[in-house]
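Remarks on the structure that follows.
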Amino acid sequence: PMGRPGVIYGHRKIKVEYKVPTVEEIYDFGHQLFKAVQLSSECSIVCLIYVERLMETAKVPLLADTWKPIFMAGLLLASKVWQDLSSWNIEFASVYPQFSLEAINRLELQFLKNVKWDLYISSSLYAKYYFALRSLLEKQNFRQRYNRMTGVGGVTASEAMKVQKRTERVKEEALVQLSRSM
């Protein structure tokens with residue numbers, strides 16, 4: 001206990017318990033964002049690629065206390081790379097008020113640094129993830145829930161090429177900005 005005249009304070013460390021999220025909690029977290037900022041179904045695939053890239057490149061694990069900010073930052077970047085009218089950070093902050101705009105900005109920057117600014121996705125990588133997810137959904141009967149969340153249909157070669165071209169453009173812009181900052 002600490003004190004000053006007439007007042008006594010006590011310090012107690014509060015341990016926050018994080019539990020492994022259920023499939024339903026993960027679904028609700030993602031669905032809320034997809035619905036509010038109108039993300040395309042392709043963003044979910046691009047996000048997965050980015051999150052796995054973060055885990056591989058920076059050795060960042062998905063834990064009970066980190067999955068939400070990592071998932072959100074991955075979706076934010078996926079939106080900015082994939083969508084013609086990408087989402088703004090402030091839109092994410094309005095959907096998830098527990099994350100301030102400043103916190104989202106820092107998360108985005110940290111995510112980018114940890115993946116070494118590599119947002120490029122080849123059409124073959126995109127197709128690989130798409131078909132892997134599709135087979136997983138069919139095997140585990142998640143298709144209806146996933147389709148409800150994202151509105152996903154079939155991926156075409158032109159859609160995969162669009163992802164590749166957009167990520168090439170983002171990569172080039174990031175490299176130009178990076179070279180200017182050096």
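The values are calculated or read from the model by the stated rules, or taken from the named source; none is laboratory data. Being a predicted model, the structure only gives us computed values, none of them experimental. All Cβ positions, even for glycine, are placed from backbone atoms using ideal geometry, and neighbour counts span all protein chains on display. Surface areas here come from the heavy atoms of the whole protein model, side chains and all, with no ligands, DNA or RNA. Shrake-Rupley method; radii C 1.70, N 1.55, O 1.52, S 1.80 Å.
For ALA103, indicate whether it is assigned to a helix (DSSP H, G or I), under 17 Å from THR167 (Cβ atoms), of a type in the set (Gly, Ala, Ser) and at pLDDT 90 or above. Break it down into steps so the answer makes sense when it comes.
On the way: assigned to a helix (DSSP H, G or I): yes; under 17 Å from THR167 (Cβ atoms): no; of a type in the set (Gly, Ala, Ser): yes; at pLDDT 90 or above: yes.
No.
Going through the range 25-46 one residue at a time, which ones are in contact (Cβ under 8 Å) with a residue 24 or more places away in the chain and farther than 19 Å from MET161 by Cβ?
Within the range 25-46, ILE26, TYR27, PHE29, GLY30, HIS31, GLN32, LEU33, PHE34, ALA36, VAL37, LEU39 meet the criteria.
Mind counting the residues in the range 57-74 that are part of a helix (DSSP H, G or I) and either closer than 19 Å to LEU136 by Cβ or among the β-branched types (Val, Ile, Thr) (or both)?
We begin by selecting, within the range 57-74, every residue part of a helix (DSSP H, G or I); these are 57, 67-74.
Cutting the leftovers down to either closer than 19 Å to LEU136 by Cβ or among the β-branched types (Val, Ile, Thr) (or both) gives us 57, 67, 70-71, 74.
Number satisfying all stated conditions: 5.
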Q | Residues located in the range 133-162, provided they are closer than 15 Å to SER40 by Cα and at pLDDT 75 or above | A | LYS162
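Test of understanding: among TYR18, TYR9, TYR27, which residue is surrounded by 10 or more Cβ atoms within 10 Å (Cβ to Cβ), modelled with pLDDT under 80 and farther than 15 Å from LEU107 by Cβ? Walk me through how you get there before you give the answer.
Working: TYR9 fails: surrounded by 10 or more Cβ atoms within 10 Å (Cβ to Cβ); TYR27 fails: modelled with pLDDT under 80.
Just one listed residue meets the conditions, TYR18.
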**Q.** Among (1) more than 19 Å from LEU112 (Cβ to Cβ); (2) modelled with pLDDT of 85 or more; (3) open to solvent by 50 Å² or more (accessible area, probe 1.4 Å); (4) part of a helix (DSSP H, G or I) - the single one SER44 does not satisfy
**A.** (3)
Q: Would you point out which residue out of LEU54, LEU33 is surrounded by 13 or more Cβ atoms within 10 Å (Cβ to Cβ), within 20 Å of ALA174 (Cβ to Cβ) and not polar (S, T, N, Q)?
A: LEU54
Q) Is there any pair linking a residue in the range 105-119 that is closer than 13 Å to VAL170 by Cβ to one that is charged (D, E, K, R), with Cβ under 7 Å and at least six apart or on different chains, and which? A) VAL115/ARG53; ASP118/ARG53; LEU119/LYS171
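Answer with yes or no whether ALA73 is farther than 28 Å from MET161 by Cβ and open to solvent by less than 70 Å² (accessible area, probe 1.4 Å).
Values: farther than 28 Å from MET161 by Cβ: no; open to solvent by less than 70 Å² (accessible area, probe 1.4 Å): yes.
Taking the combined requirement at face value, the residue does not satisfy it.
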